[in-house]
């Protein structure tokens, strides 16, 4: 079906100003970075911008394949009718001729449509009728990775991606901060640094803080590992809980790091152990092996779609026989997460540390 409605490559080469749109979380934006590189390869002389929410700006700021990062702040500058109209006028003045909308939201579709961008391609969901090129939406079935779902949009307009590697820019200030943190805590280049992220966006993604602590203690005992605990400010309570539950020393950086700081810290880590969350994909982008702990059995939420993309990464995910996954509304106490033992996570960690 797709081949019948694709444009020819000679037609798509006429695009001179392109805007990529993704207004969800940091991990989702990072999983979209292969789209940026592919578009730059096909359009080396075109102007390419990426539209994101404020908290995801650091994911694409400094990306060498972009000309501009456009921040859409629906809770601040773009709040309300006047703020949105002003933003739409700004987009209209830029005269983009192609919009690639990587995640379907009504807001994205409305704003881009009112901006008068003539070619608007994306998934046919949430007012998808506002798009000019609509791809059938099947993401909920989780048949492939989110990276591939984003690249499918380019395939739909005749562009065949050459690679699917994630890209996270390195910030000089964050690198200086990471070096200082390591220096102040006597961490050297020969130390085994294991970073841990016990936070996540909802309870259906959060493994036990006490189990994280047991794994961390064992890694200190057996391998002399230096443990770093990272989490965003909203998840600081979970990082603090892990630190309080440990018998060994650790460095608790919960709530003290920016997205850029996390990238620089993970780049210096031998291993990253995390719940299903954005930092998993940051670790993949900087080349750090990951152990990702997943709950939830719905295919659209599963590691098939959202798991780490590195070749050495390990996913721990248990099927406990649920006929329907209720995610954060789980009625059986998140048994899928409880079924994953600290011994299993420790075994996975030791497998990666001894490779």
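The values are calculated or read from the model by the stated rules, or taken from the named source; none is laboratory data. What you see is a predicted model; the values in this text were computed from it and never measured. Using ideal geometry, Cβ is built from the backbone for each residue, glycine included, and neighbour counts are taken over all protein chains shown.
Numerical summary
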| item | result |
| --- | --- |
| So residue 80, is it surrounded by fewer than 18 Cβ atoms within 10 Å (Cβ to Cβ) and on the phi > 0 side of the Ramachandran plot | yes |
| The range 307-329, residues that are buried (at least 16 other Cβ atoms within 10 Å of the Cβ) and modelled with pLDDT of 80 or more | 307, 308, 309, 310, 313, 314, 315, 316, 317, 318 |
| Positions within the range 126-143 being farther than 19 Å from residue 298 by Cα and in a loop (DSSP other than H, G, I, E, B), in sequence order | 126, 127, 131, 132, 136 |
| Subset of the range 95-122 that is assigned to a loop (DSSP other than H, G, I, E, B) and under 23 Å from the mean Cα position of the chain (by Cα) - its residue that is surrounded by the most Cβ atoms within 10 Å (Cβ to Cβ) | 102 |
| Per-region count, the range 53-77, residues part of a strand (DSSP E or B), buried (at least 16 other Cβ atoms within 10 Å of the Cβ) and over 19 Å from the mean Cα position of the chain (by Cα) | 0 |
| Test: residue in the range 328-336 that is farther than 25 Å from residue 30 by Cα, without any contact (Cβ under 8 Å) to a residue 40 or more places away in the chain and within 24 Å of the chain's Cα centre (by Cα) | yes |
| Leading residue by the ranking (nearest to residue 151 (Cα to Cα)) among those in the range 340-354 that are modelled with pLDDT of 95 or more and assigned to a loop (DSSP other than H, G, I, E, B) | 340 |
| Pick from the range 39-50, criterion free of Cβ contacts under 8 Å to residues at least 40 places away in the same chain and surrounded by 16 or more Cβ atoms within 10 Å (Cβ to Cβ), ranking: nearest to residue 151 (Cα to Cα) | 40 |
| Near pairs, Cβ below 6 angstrom, 6+ apart or cross-chain, from the range 214-237 (in the same structural domain as residue 200 (by TED's automatic domain parsing) and at pLDDT below 95) to any residue that is buried (at least 17 other Cβ atoms within 10 Å of the Cβ) and assigned to a strand (DSSP E or B) | 231/197 |
